[in-house]
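Undergrad: Sharing a structure below in structure tokens format, with a few things to ask.
Any read-out appearing in this document is the output of simple, stated calculations on the displayed coordinates, not a laboratory observation. Please read these numbers as outputs of a predicted model, since none were measured by experiment. Here Cβ is always computed from backbone atoms with ideal geometry, including for glycine, and neighbour counts include all displayed protein chains.
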Amino acid sequence: MERRDFFKQLSSTALAPSPTGKGRGQGETPTTGLNQYIGTWGNVQVLHLLRRTLFGVKQSELNSFKAMSMSNAVDALLNVSATQPPPPVNAYNNGTAIDPDVPAGQTWINATISPNFSFQRRRSVKGWWTGLMVNQESTILEKMVLFWHNHFATEGDTIQVEHYMYKNNVLCRQYALGNFKTFVKEMTVDPGMLRYLNGYLNTKSAPDENYGRELQELFTMGKGKDSKYTEDDVKAAAKVLTGWRIDNTKLQPYFDSNKHDTANKQFSSFYNNTLITGKTGTAGANETDEMLTMIFQQNEVAKYICRKLYRWFVYYDIDATVETNVIEPLAVIFRNNNYEIKPVLAALLKSEHFYDSLSMACHIKSPIDFVIGFCRQFEVAFPLQTDYINSYNHWGYLQSLGAVMQQDTGDPPNVAGWPAYYQAPQYYEIWINSDTLPKRMGLATVMVYSGYNRGGFKLIVDVLAFTAKIPNASDPNKLIDNMLELLVPRTVDSAVKPILKAALLNNQTQDYYWTDAWNAYLANNNDTVNKNYCTNQLKLAISYILNLAEFQLN
Amino acid sequence: MKRRSFIKRTAPVALLPVFINGLSFRSYGNSPLLQLLAAKASINNKVLVLVQLNGGNDGLNTLIPLDQYTNLSNARANIMITESKVPKLKGFDKTGLHPAMTGMLNLFNNESSLNIIQAVGYPSPNFSHFRATDIWLSGSDSSQYMNSGWIGRYLEDAYPGFPTNYPNTDMPDPLAISIGGVVSQALQGPEINMGMAISDPTAFYNFVDSVVNPNPTTPSEKELAYIRLIAQQSDKYADSIKAAYNSVATKSTMYADTTAKNSLSDQLKIVARLIAGGLKTKIYMVSLGGFDTHSNQVNTTGGTETGAHADLWSKVSVGISAFLDDCKKLGVADRVAGMTYSEFGRRIVSNASLGTDHGAAGPSFVFGTSVNNTLIGANPTIPSTVGAADNVNYQYDFRQIYTSILQQWFGLTKIEAAGVLLKDIDTLPIFKSTTDIKNSEAAIISLVDNYPNPFENSTTIKIQTSGGLTQLKVFDALGNEVATLVNKVLPSGTYEILFEAHNLASGNYYYSIISGSSRANGVMLKK
């Protein structure tokens, strides 16, 4: 067709953008709200809950959570350990660079700051964190740590000091389900954050507005239509925050009253014209608390955080219906509980809205969800943790995979975190493009077929062990159904199951080709012929599933 | 896709204007715009390379106003580059470039391949990285919220219906390519992102065939359709990208070597090969981060001409000059133009941590052998006492550059360009053999002054002009317009214009006299 004809044809069909923009179309918004869900508690619902709160779901997790009630399942996920994990260790010595301050295998967090080993140590934080995600307990903790890292985004490359990068992560763990107001205070004077947004350079003679701005724009108030703080509020906030410094020996923040601006700070009508009286001496530090109290009096704070939690756990599109039915009541719960996070998560994850079929399978896995989830759901074996060198190398490999797929944990793109959680209209779709999708598909295939080999240890999917945990694995039809249910969050095209079955049956038509081979393998796992047959056919079938577009959903 | 489902729902005719986020969008149907597009013979073979400098570049240490040195040195002594070290632009001895920009200086002074626009911005500047970036990429007003990018809208007009029926014989290649792992928001069309991302042009993957659901009705189906579409596109374009990339070799030796970690140079090196390899792709997007120099933008020792900001501009300058050298040697230079932009400039006054906070306007560079090798605009005027919050006000709206590119480079008519930008705005003489539409009637401003200065409640601004359509605008320290004092054709002569400022806060006020593409600036202090 000629271009001209093409245009003419268009002109008669009114080729125009959808009036709803990129978000949900008509009839696509769940109208459900925060009433507790009382419907069916089947595999679909259990898997939905676990997929959104864990990285990947193991068969054993499906079994154990299904045995609980919905409410108990959510409570169990929210019951996180208060104990902090053992810190990162020196797994980075190599032939030419030996850290003189830290014995191999020992933690460096008590050693002095080391400009020479800063890079290696920061990389060890990333590996350590990846290991914690891979080895997560069946709780929401690690998804919340990543949520807060995305919310209070800091870049290790900018923080530079390895201890502060580590402490910042520990702070996110400590407050993962804690009190958000206290969390903001702690984060405001966190050495990593003070370095990242130049708070430690913010003085009365030269106020640096970086943190004062992001505190409001990104951390508490957001840029929603009811957030109306002004440029002058940014400047006033910066002045309130003057004087915070970092003691690099004690590795702690401190307040230097000599650097503090003691003038009065006038805020705008959005903050009810609050005047924070300038204070001298150590009392100057109290101005920070006064300002946070002022900020947290605004209802917009709770709404902003609830919107971010919604985008993290449910879906990105918040239209007027969702705002009214979910965000606003959730924000009331948040405020009524003095900004405790846990009651908010409980209400959301137990809600009719969360289990609404329209809320399901509409997440696109983030790179970390993809990589870590992959390892967890296939229960990929890792080196023993006592083999710290191999452990950190393999965790580091996973971390680097996340990075090339655009999610470099510890070094997000900027202070706003990853665009997938704020950039309209694409949101999660940003994760998927012609560069990253082939990398995801390629990884899945590699992990099924050849594996990643380093230091004599290979990360690879053990398809036999995985399949042995699937119920009714000897029946090819049930195996396919159960495997798809565990791995893929929605129904697949009708063409998919025959292809998978042909893979298991090696293009034969009778079910017993698979059943006999599988049973023979189970009866004698030294039987090379049947073992090889099952391995090869399972690799075909599983890698096909991993290459489905549906596998990218969550 | 949603587009199709919309058509199904609204067929056969819908001529109502369409609104997105409350903003009136273009109506297709039988609009004049569509008829104009339909009448267009073909799309030309020009290519645009957009260079995004993330973080907000410090324009005053990039394009340096040498005639303001005394006052500027007072305002930013700790980061100011020694005057004798600043190389001057040929023919513009009051303006220099950062000494690290040797390659770009050469483009301007010797290669006739650089167009520089002073103080680019927009009314009511936004100081948030994220909002300001949205404004630049979407091409919106400061108070407007748009979900599509300006390039996305251009491509949607040029290649309607994408991705349905693409690739085809007219356009066998991707419409736009972002180098790196993300697709720029500038490429977001009204419905779908028009670009694809690549980091390694030789690495692709064969996907499982699957049908894209044309009519998704749930969020899950919508996201699934999106993923399948990307898989299909990646498959469709894999061969042409690989073939183009492998069909030519890099010819310039000026690119940074790998040890320099100049990612911009690496990205541009790929772009040159793809262009020379024959891709018909119209738009390439590359980027460099790190311009958010709140601290340590210069080194504490070794001279203020060294440090983070110098390193950044060295990378940009090496990358762009090598890229143009490569394009010349590969024989495609006449098809290639590029522009740099950053979401905002930085504050006039530096802070104590050898850095600068978020500011308003800053310079843009347009490069290529087809550009009008000149400096557009006047140096900003810096007062003797600068407030900590004072900004460089904008002289040119960033959409003037966009519309100039659309019209002078891509050959759109003024009306078509207005349809893309959703704004009718004047061009600038950015490309050769293009005349500034208003230039012929532009005034030459030969005197700018005001008295008294400082002033209490009012002051008189005096201008001498050769005559022509003239605007006189006054800006507050944040870069907001507070008054338009003149907006008419002035005959040749000297004029005195009263500026009443009873209701305004005390502080510096900046003013610009605007006529065609020429500018003159002044500053005054209200006590």
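Undergrad: Taking chain A as the region of interest, what is the percent of Cα-Cα pairs per 20 angstrom bin, listed from the shortest bin to the one with the maximum distance?
TA: Distribution as computed: 19, 48, 27, 5, 0 percent.
Undergrad: Please report the relative contact order for chain B, taking Cα pairs under 8 Å with a sequence separation of at least 6, and give it as a percent rounded to a whole number.
TA: Details: 1174 pairs, mean separation 105.6, N = 527.
Dividing the mean separation by the residue count of chain B yields 20 percent.
Undergrad: Do you know the relative contact order of chain A, to the nearest whole percent, from alpha carbon pairs under 8 angstrom that are 6+ apart? Write out the running numbers ahead of the final one.
TA: Values: 803 pairs, mean separation 97.4, N = 554.
So the answer I get is 18 percent.
Undergrad: Among the aspartates and glutamates, which have Cα under 19 Å from the Cα of A:Lys501 when same-chain residues fewer than 8 positions away are ignored?
TA: A:Asp475, A:Asp481, A:Glu485, A:Asp493, A:Asp511, A:Asp516, A:Glu550, B:Asp209
Undergrad: Next question. Under 5 Å between amide hydrogens, which residues at least 5 positions from B:Ser287 or on another chain qualify, with H placed 1.01 Å from N in the peptide plane?
TA: The list, which skips near neighbours in sequence, is B:Gln52.
Undergrad: Once the Cα gyration tensor of region A:464-552 is found, what semi-axes does its equivalent ellipsoid get, as square roots of 5 times the eigenvalues, in whole Å, sorted largest first? Each step should come with its number before you reach the end.
TA: On the way: eigenvalues 95, 34, 25 Å².
Semi-axes, largest first: 22, 13, 11 Å.
Undergrad: Just in region A:88-152: which chymotrypsin sites (Phe, Trp or Tyr not before Pro) are loop by DSSP and have at most 11 other Cβ atoms within 10 Å?
TA: Details: sites: A:Tyr92, A:Trp108, A:Phe117, A:Phe119, A:Trp128, A:Trp129, A:Phe147, A:Trp148, A:Phe152; in loops: A:Tyr92, A:Trp108, A:Phe117, A:Phe152.
Passing sites in region A:88-152 do not exist.
Undergrad: Strictly over 20 Å apart at the Cα level, which of A:Lys228/B:Lys423; B:Lys282/B:Lys328; A:Lys228/A:Lys259 would you flag in this model? Walk me through the numbers before you get to the answer.
TA: Working: A:Lys228/B:Lys423 27 Å; B:Lys282/B:Lys328 18 Å; A:Lys228/A:Lys259 29 Å.
Pairs exceeding the cut-off: A:Lys228/B:Lys423; A:Lys228/A:Lys259.
Undergrad: If you take every DSSP beta bridge whose two residues both sit in the protein assembly as shown, what share of them, in percent to the nearest 5, is antiparallel? Don't jump to the answer; show the numbers that get you there.
TA: Values: 67 of 93 bridges.
Taking every DSSP beta bridge within the protein assembly as shown, about 70 percent pair in antiparallel fashion.
Undergrad: Just to be sure I follow: if Rg is taken over the C-alpha atoms of region B:441-526 and Rh is the Kirkwood radius over the same atoms, what is Rg/Rh? Please list the in-between numbers first.
TA: Values: Rg = 12.3 Å, Rh = 12.8 Å.
Using only Cα positions, Rg/Rh for region B:441-526 is 0.96.
Undergrad: Under the classification rounded if a/c is under 1.5, otherwise prolate if a/b is larger than b/c and oblate if not, where does region B:145-193 fall, given a ≥ b ≥ c as square roots of the Cα gyration tensor eigenvalues? Intermediate values should be presented prior to the final figure.
TA: Numbers: a/c = 2.34, a/b = 1.32, b/c = 1.78.
Oblate is the answer for region B:145-193, as a/c is 1.5 or above yet b/c matches or exceeds a/b.
Undergrad: Averaged over A:436-442, how many beta carbons belonging to a partner chain fall within 10 Å of each residue's beta carbon?
TA: So the per-residue partner count for this stretch is 6.
Undergrad: If the cut-off is a Cα-Cα distance under 20 Å, which lysines reach B:Lys526, setting aside same-chain residues fewer than 8 apart in sequence?
TA: B:Lys462, B:Lys473
Undergrad: Here's another thing I want to ask about it. What are the semi-axes of the equivalent ellipsoid of region A:301-359, taken as the square roots of 5 times the eigenvalues of the Cα gyration tensor, listed largest first and rounded to whole Å? Walk me through the intermediate numbers first.
TA: Values: eigenvalues 60, 30, 18 Å².
Largest first, region A:301-359 gives 17, 12, 9 Å.
Undergrad: Taking the Cβ of each residue in A:His149, B:His502 as the centre, tally the other Cβ atoms inside 10 Å and list the residues starting with the fewest.
TA: Values: A:His149 19, B:His502 8.
By the 10 Å Cβ count, ascending: B:His502, A:His149.
Undergrad: Moving to a separate point now. Tell me, B:Val366, A:Val371, A:Val463 in order of fewest to most beta-carbon neighbours within 10 Å? Don't skip to the end; give the middle numbers.
TA: Working: B:Val366 26, A:Val371 29, A:Val463 21.
The order, fewest Cβ neighbours first, is A:Val463, B:Val366, A:Val371.
Undergrad: What list do you get for A:Ile499, B:Ile320 if you sort them by fewest beta carbons within 10 Å? If you can, show how the numbers build up before the last one.
TA: Values: A:Ile499 16, B:Ile320 27.
Starting with the residue having the fewest Cβ neighbours, the order is A:Ile499, B:Ile320.
Undergrad: Helix A:286-296: angle to the longest alpha-carbon principal axis of chain A, degrees 0 to 90, nearest 10?
TA: 50
Undergrad: For region A:325-428, compute Rg over Rh where Rg is the Cα radius of gyration and Rh is the Kirkwood radius from the inverse mean 1/r over Cα pairs. Please report the intermediate quantities before stating the final value.
TA: Values: Rg = 18.0 Å, Rh = 16.8 Å.
For region A:325-428, the value is 1.07.
Undergrad: Right, something else. In a solvent-free Debye calculation with one equal scatterer on each Cα, what is log10 I(q)/I(0) for region A:199-297 at q = 0.21 Å⁻¹, listed in the order of the q values?
TA: -1.03
Undergrad: Considering all alpha-carbon pairs of the protein assembly as shown, what whole percent are spaced by more than 42 angstrom?
TA: Details: 249413 of 583740 pairs.
The answer is 43 percent, as a whole percent.
Undergrad: Per the Cauchy relation, a quarter of the hull surface: what is the mean projected area of the convex hull of the alpha carbons in chain B, in nm²? Before the final figure, lay out the partial values.
TA: Working: hull surface 102.7 nm².
Dividing the Cα hull surface by four gives the mean projection, 25.7 nm².
Undergrad: Further question: Under the classification rounded if a/c is under 1.5, otherwise prolate if a/b is larger than b/c and oblate if not, where does region B:108-159 fall, given a ≥ b ≥ c as square roots of the Cα gyration tensor eigenvalues? Each step should come with its number before you reach the end.
TA: Working: a/c = 3.14, a/b = 1.33, b/c = 2.37.
It comes out oblate by the Cα gyration axes.
Undergrad: Now for a separate question. So which GluC sites (Glu not before Pro) in region A:74-163 end up in coil per DSSP with only 15 or fewer other C-beta atoms within 10 Å? Spell out each step's value before the answer.
TA: Details: sites: A:Glu137, A:Glu142, A:Glu155, A:Glu162; in loops: A:Glu137, A:Glu155.
Here the sparse-neighbourhood loop sites are A:Glu137.
Undergrad: Would you please state the base-10 log of I(q)/I(0) at q = 0.09, 0.16, 0.20, 0.21 1/Å for region A:398-543, with intensities from the Debye formula using one equal scatterer on every alpha carbon?
TA: -0.40, -0.96, -1.22, -1.28
Undergrad: Taking each residue of B:224-233 in turn, how many C-beta atoms of other protein chains fall within 10 Å of its C-beta, and what is the average? Display every interim value, and only then the final one.
TA: Values: counts 11, 1, 8, 12, 4, 3, 10, 9, 1, 3.
Across the residues of B:224-233, the mean count of other-chain Cβ atoms within 10 Å is 6.
Undergrad: Of A:Lys143/A:Lys167; A:Lys303/A:Lys439; A:Lys204/B:Lys85, which sit over 25 Å apart, Cα to Cα?
TA: Numbers: A:Lys143/A:Lys167 18 Å; A:Lys303/A:Lys439 36 Å; A:Lys204/B:Lys85 32 Å.
Violating the 25 Å Cα-Cα cut-off are A:Lys303/A:Lys439; A:Lys204/B:Lys85.
Undergrad: Compute the long axis of helix A:43-53 from its Cα atoms, compare it with the longest principal axis of the Cα atoms of chain A, and write down the angle in degrees, 0 to 90, nearest 10.
TA: 40
Undergrad: Helix-only mean residue ellipticity at 222 nm, chain B, DSSP H runs n ≥ 4 weighted -39,500 (n - 2.57), per residue, nearest 500. What is it?
TA: Numbers: 11 runs with 131 residues, N = 527.
Mean residue ellipticity, 222 nm, calculated: -7500 deg cm²/dmol.
Undergrad: Restrict the search to region B:214-291; then list the trypsin sites (Lys or Arg not before Pro) that DSSP places in a loop and that have at most 14 other Cβ atoms within 10 Å of their Cβ. Show your work: numbers first, answer last.
TA: Values: sites: B:Lys222, B:Arg228, B:Lys236, B:Lys242, B:Lys251, B:Lys261, B:Lys269, B:Arg273, B:Lys280, B:Lys282; in loops: B:Lys251, B:Lys261, B:Lys280, B:Lys282.
Qualifying residues, ordered by number: B:Lys261.
Undergrad: With angles folded into 0 to 90 degrees, how steeply does helix A:436-449 sit against the dominant principal axis of chain A? Use alpha carbons for both and round to 10.
TA: Relative to chain A, helix A:436-449 is tipped by roughly 50 degrees.
Undergrad: While we're on this one: Among all the aspartates and glutamates, which ones have a C-alpha under 12 Å from B:Lys527's C-alpha, if same-chain residues fewer than 8 places away are not counted?
TA: Hits, sequence-local ones excluded: B:Glu456.
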